[in-house]
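What follows is a set of notes on a single structure, which appears directly below.
Taken together, the values in this text are just the output of simple stated rules run on the coordinates, not laboratory data. Remember, it's a predicted structure, so these values are computed and weren't measured experimentally.
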Amino acid sequence: MYKAPLNQFLSKNPFSRPLTQGFFYREKMRAIYRTAPDQKFKDILELGGGQSGLTALLYPQAKVTNLDLNPEYANAPCNQQERVSFVCGDATALPFNDNSFDAVTMFDVLEHIQAHEKAVSEALRVLRSGGFILVSTPNENWRFPYYRFMKPICPSDTDVMAEWGHVRRGYTLDELKSLIGLSCQSYATFINPITVLCHDVAFSHLSPLKREFLCSLLSPITWLSYIQHKPEAKGTETASTWQNGAELL
């Protein structure tokens, strides 16, 4: 295997309290893992990887270039690894030559970029023939909070999108296909109508102690729904993988 073992990968969840308030990120990581090809990648470009280091965790044998707009992330521990290079730059104007990378990852990035067509065009330019683009985004089911009865303890949908820097809600698979223009090799949804309860509590107005208490209380049904969730089932976000032409040699 060229991917890290699943349990090892999930154990590296960078969020604090990864089994309660940070559980939603475990869901994201599993969905990405489900769709990510088990390929021997030499060079991977991670767009907007920030301080999570997700791509390097997923592919422990690859050299990863993490490009992000925030120069402060250069000092993050994940960007101090010998095989990881941090570049402060703009996804819509990549400072790399054509055909430089075996794969490009864009995890929770596209919905933050106004000129998303240009960002995808640049990703395709630096991608080698047969390479892959790995994406995760909110989809057509995403809204915050998901249930009306959560509104008294949660910020508004508009406020959350502004705080998180979203310029759009998300994408359907058809919209991603139209934007990326490649063949979708696989996809998996995550944060389903049950596990979203803990997600919304984690980002609510409640105190940290109350958030932790409620997420712990919800933990049994969160885990059960997580275990039973199928990649094609309804979820509020989607991980997907797209291939550029022929098989990678």
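Taking 4 °C and 1.567 mPa s as conditions, region 191-237 diffuses translationally at an estimated 117 µm²/s according to Stokes-Einstein applied to its Kirkwood radius (Cα pairs).
Backbone geometry of region 146-155 corresponds, through the Karplus equation with coefficients 6.51, -1.76 and 1.60 at θ = phi - 60°, to 3J(HN,Hα) couplings of 6, 10, 4, 5, 7, 4, x, 10, 10, x Hz, x marking Gly and Pro. For residue 233, the residues whose amide H sits under 5 Å from its own are 189, ignoring neighbours fewer than 5 places away on the same chain, with H placed 1.01 Å from N. In order along region 195-203, phi translates into HN-Hα couplings of 5, 5, 4, 5, 4, 5, 5, 4, 10 Hz, rounded to whole numbers, per the Karplus curve 6.51 cos²θ - 1.76 cosθ + 1.60 with θ = phi - 60° and x for Gly and Pro.
Comparing 224, 173, 214 in a Gaussian network model of the chain where C-alpha atoms under 10 Å apart are linked, the largest mean-square fluctuation is found at 224. Under 5 Å between amide hydrogens, built in the peptide plane, is the criterion, and for residue 87 it picks out 66, 67, 68 among residues at least 5 positions away or on other chains. Normalising the Debye intensity of region 72-134 to I(0), with uniform scatterers on Cα atoms only, and taking log10 at q = 0.14, 0.28, 0.29 Å⁻¹ returns -0.45, -1.27, -1.27. Rg and Dmax over the alpha-carbon atoms of region 44-96 stand at 9.9, 27 Å. For the residue pairs 12/40; 28/118; 3/177, the alpha carbons lie no more than 32 Å apart in every case. When the Gaussian network model of the chain links Cα atoms closer than 10 Å, the mean-square fluctuations of 122, 163, 27 top out at 163. Extent of region 153-249 along its three principal axes (Cα atoms, max minus min coordinate, largest first): 51, 32, 23 Å. Roughly what percent of Cα-Cα pairs across region 140-206 reach past 13 Å? Value for region 140-206 (Cα pairs over 13 Å): 69 percent. Relative to the globular-protein estimate of 2.2 N^0.38 Å, the Cα radius of gyration of region 1-85 stands at 1.06. In the chain, inverting the average of 1/r over every pair of distinct C-alpha atoms gives 18.5 Å as the Kirkwood radius. For region 236-243, backbone phi angles converted through the Karplus equation (6.51, -1.76, 1.60; θ = phi - 60°) give residue-by-residue couplings of 8, 9, 9, 9, 8, 10, 10, 10 Hz, Gly and Pro being listed as x.
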